[in-house]
Every structure is written in structure tokens, then in C-alpha cells.
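S.K.: Let me begin by handing over the structure; questions about it come next.
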Amino acid sequence: METGLTMAMLCECASRKAELEEVKERLRELSSVYYPSAAQLTGTPGAHDDHSSENGPIRLAQLSAVYEGLCRELEWQTVAVELAIDSLPSLMRRVMRLYYIDGMDFPDIAQEIGYSRRHTKRLHDLAVVKLGIV
């Protein structure tokens, strides 16, 4: 089965998911700086007076566009990997998901699924072949 996935895409899946969460968090932080809560507007401690320039909202909009584009790209890549993994038989799917999406290593996966590390690695290798990744 040809999926169009590369080994690099699989290996980067877990880090892409973490990066996606970091991007979303950074966007929330920027929004709170330029669009402070009511408490900050009343002058309570913690207000971000240093970011109150008129250019702040414009800069936030520019950064938001960049972050949202990156989010869409990261989400698309993650979905592509997950769809390919979902096409596998259940045990292979579980091994691949635990390894590439959850970031577990083979000894931990083997313990989780109740097989030897060697057999778990063999299931992984068969799944890679089944996905058309060389």
C-alpha cells in the first residue's frame, strides 16, 4: 500500500504534535498580552503596559497569521500520519501509534502489548513495509 509517507514524516510525528501545542500556547500568550483581561485593564498588578502600543494588535494579527498557517500545516502532517497508521491491522496500528505518536520505545511497547521486544520490532518493521515506506 503506497501512502506517500516517508520515514522522516513518521519519526517527526511526535515532535510535530508537541510543536503544535507550543504554537497554540504561544498564540494564547500573545493574545493575552495585546487583549488583556478586565483585571489588567483596570490597572491591577500584572498589566502589560509595555505592550500597549497601537502597533501591538497589528503585530499580533501578523503573528497570528503565521502561527495559524503553521498550525494548519502541522495538523495536516499529523493527520496524514495518523490516517496511514489507521489503515494497518490493529496490532501493527497499536505498535506504530505507541512508537510514533506517543513516543514510547520498543521495550515499553512490548510490555504494553504483551509481546517480546523482538516481536514488537518485527511488527513495526512489517507495518513500515505495509505502508510502503522503505
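Nothing in this text is a laboratory measurement; each read-out follows from the coordinates by a stated rule. Here the structure is a predicted model, which means the values were calculated and not measured. Every residue, glycine among them, receives a Cβ derived from its backbone with ideal geometry; neighbour counts consider all protein chains shown.
S.K.: Packing-wise, with mean Cβ within 10 Å as the measure, how do 124-132, 24-32 rank, highest first? Walk me through the intermediate numbers first.
M.R.: Numbers: 124-132: 16.2, 24-32: 13.0.
Those peptides, ordered most packed to least, come out 124-132, 24-32.
S.K.: Report the charge-dipole magnitude of segment 89-134 in Debye, nearest 20, computed about the Cα centre from +1 at each Lys and Arg Cβ and -1 at each Asp and Glu Cβ.
M.R.: 220 debye
S.K.: What is the distance, in nm, between label points placed 7 Å from the Cα along the Cα-to-Cβ direction at Arg72 and at Ser90?
M.R.: If labels sit at Arg72 and Ser90, their model points lie 3.8 nm apart.
S.K.: On the Cα set of segment 89-134, report Rg and Dmax in Å, please.
M.R.: 9.5, 27
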